[in-house]
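The values are calculated or read from the model by the stated rules, or taken from the named source; none is laboratory data. The shown structure was predicted, so the numbers you read here are calculated from the model rather than taken from an experiment. As a convention, Cβ positions derive from the backbone with ideal geometry for all residues, glycine included, and neighbour counts pool all protein chains shown.
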Amino acid sequence: MTRIFSGVKPTGHLTLGNYLGAVRQWAEVDQHRADALFSVVDLHALTVDHDPGRVRRLSKQAATLLLASGLDPEACTVFVQSHVDEHARLSYLLECVATDGEMRRMIQYKEKSARERERGGSVRLSLLTYPVLMAADILAYGADEVPVGDDQTQHVELSRDLAVRFNQRYGHTFVVPRATPPAVAARVMDLQDPASKMGKSHDSGAGIVYLLDEPDVVRKKILRAVTDSGTEVEYDREAKPGVSNLLEILAACEGGNPEGLSGVYESYGALKRATAEAVVELLAPLQKRHKELVADPAYVEEVLRRGAERAREMAKPTVDAAYRAIGL
Ligand code: ADP
C-alpha cells in the first residue's frame, strides 16, 4: 500500500493556504487511498524566534484543526513530531550525508535568513538544516508520496537526493519519495500582496485568511483584497496576480479550475463577493467541528498519544536499519 507523509508547522494559526494547498487533499483523498501519516511538526517551529508556551498551544491547536478538517484517526495517523524521537535520531545521520552547499541553495532558507538578518536578528543553524529534518520526517516512514504545496517541492527534492545518496553509499535503506502537490491552489497568495504566498508566520494578518476567522472577518479580508489594473476578470497569473489568486481560491472552493472562471464575473467586486461567500461556506463545517473538539481536549490528547505510538512503531525499524547501515 502507498505510504504518505505530510505535516504542518505550528508557527502560527493555520491558513486558507494550508487548507487548500495541503490539508483538504489529505482529508478528502489521501487518508482514504493510502497508509497516511500527518504530523504537527513542532521541531520545525524552533528554527526561528519563538515563545515556548505559544508553540505548545499552537501545536495543540493545529492538531485540533487537522481533526476538524476531517482527518480521521481511524483512517490515518495524526501525531506531534517531537513525541517521536526517531525524527531527530535520523536527522543527524542525514546531516552526515547532506552538504552545506545544498542546504544554502534552498530558496526558503535564502528568503527566511535574509528576512531574519534584515530584522537585525541572527540566523539559527536549525534554519539551515531544517530541510534535513524534513527529509528525516519523510524517510523515517518510507513514504512514497508527500502531498505538499508548491513551496515545499524543493525540500522534497532534497529528501529524494538524500535517500538516493544514502542508499548508494550504505546499501538500500530508504524509499525514494516524491512530492504530490494539488492540481489547483498549490500556491495561495497573500490577499494584500499577491507576489508572496499566504503564509501563517507572516507579520500582517490583513491578507491572510485563517481557518478560524469569523465569517465577517473572512468577508472583510476578501472584499479588501488587492486587485489589478483593468476591469476584466481573467485568469492570468503574470498580468493579473490579484484577480488570479481570487479565481484560484474560488475554483478550489467549488472544485473547478480557475481558467474555467475567466469571463464569468462582470466585475472585480462580483468576484470578491462570490469568493468571500465560497470561503465562508467552505470553513463553516470545519469551524463547527473545531468548536466541538475544543470542548473535548481529552479526546484530542488521546488521538495524539495513540498516533505517536503508531508512528514510533513504523519509524523505528527504518531508523535502526539506517544506524546499522551507516556503521553504528
Ligand atoms: P506555512 O508556510 O503556512 O508555515 P507549513 O510549512 O506549515 O506552512 O506548510 C503546511 C502545508 O501547507 C505544506 O504542505 C505547504 O506546502 C502548504 N502551504 C502553506 N502555505 C501555502 C499556500 N499559501 N498555498 C498553498 N499551500 C500552502
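Applying the condition of being of a type in the set (S, T, N, Q) and under 18 Å from A322 (Cα atoms) to the stretch 135-182 and asking which residue is surrounded by the most Cβ atoms within 10 Å (Cβ to Cβ) yields S159. Within the stretch 90-141, being part of a helix (DSSP H, G or I), over 20 Å from S196 (Cβ atoms) and of a type in the set (K, R) holds for one residue alone: R104. For the stretch 264-282, the set of residues classified as of a type in the set (G, A, S), in a helix (DSSP H, G or I) and loosely packed, with under 15 Cβ neighbours inside 10 Å consists of G269, A270, listed by residue number.
Yes/no matrix, rows are residues, columns are (1) farther than 30 Å from A140 by Cα; (2) more than 13 Å from the ligand (Cβ to nearest atom); (3) touching a residue at least 12 places away in the same chain (Cβ under 8 Å); (4) in a helix (DSSP H, G or I):
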| position | (1), (2), (3), (4) |
| --- | --- |
| P182 | no, no, yes, no |
| L212 | yes, yes, yes, no |
| A225 | yes, yes, yes, no |
| Y235 | yes, yes, yes, no |
| A239 | yes, yes, no, no |
| I249 | yes, no, yes, yes |
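Residues checked against (1) touching a helix residue (DSSP H, G or I) at 6+ places or on another chain (Cβ under 6 Å); (2) not assigned by TED's automatic domain parsing to the domain that holds F174:
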{"residue": "E248", "(1), (2)": "yes, yes"}
{"residue": "G260", "(1), (2)": "no, yes"}
{"residue": "A276", "(1), (2)": "yes, yes"}
{"residue": "L283", "(1), (2)": "no, yes"}
{"residue": "R305", "(1), (2)": "no, no"}
{"residue": "A308", "(1), (2)": "yes, no"}
{"residue": "T318", "(1), (2)": "no, no"}
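Scanning the stretch 2-25 for residues that are more than 18 Å from T47 (Cα to Cα), within 7 Å of the ligand (Cβ to nearest atom) and not hydrophobic (A, V, I, L, M, F, W, C) returns S6, T15, G17, N18, G21. One residue alone among L66, L43 is part of a helix (DSSP H, G or I) and touching a strand residue (DSSP E or B) at 6+ places or on another chain (Cβ under 7 Å), and that residue is L66. All of (1) over 23 Å from the mean Cα position of the chain (by Cα); (2) away from the ligand (no atom under 16 Å from the Cβ); (3) not charged (D, E, K, R) hold for A278 with one exception: (1). If we keep just the residues of the stretch 74-91 that are among the charged types (D, E, K, R) and touching a residue at least 60 places away in the same chain (Cβ under 8 Å), which is farthest from T318 (Cα to Cα)? Ranking the qualifying residues of the stretch 74-91, first place goes to D85.
Total residues in the stretch 87-127 satisfying the condition of being among the aliphatic types (A, V, I, L, M) and crowded, with 17+ Cβ neighbours inside 10 Å: the figure is 8. From the set of residues in the stretch 150-179 that are in contact (Cβ under 8 Å) with a residue 40 or more places away in the chain and in a loop (DSSP other than H, G, I, E, B), which is farthest from K240 (Cα to Cα)? Among those residues, the one meeting the criterion is G171. Are any of the residues in the stretch 187-210 within 16 Å of the ligand (Cβ to nearest atom), crowded, with 16+ Cβ neighbours inside 10 Å and more than 27 Å from R119 (Cβ to Cβ)? Looking for residues that are within 16 Å of the ligand (Cβ to nearest atom), crowded, with 16+ Cβ neighbours inside 10 Å and more than 27 Å from R119 (Cβ to Cβ), one finds none in the stretch 187-210, hence no. As a summary of the residue check, D216 satisfies the conditions (1) surrounded by fewer than 20 Cβ atoms within 10 Å (Cβ to Cβ); (2) in contact (Cβ under 8 Å) with a residue 60 or more places away in the chain; (3) assigned to a helix (DSSP H, G or I) except for the one numbered (2). Checking D51, D30, D72 one by one, the residue that is in the same structural domain as E309 (by TED's automatic domain parsing), more than 12 Å from the chain's Cα centre (by Cα), acidic (D, E) and within 12 Å of the ligand (Cβ to nearest atom) is D30 and no other.
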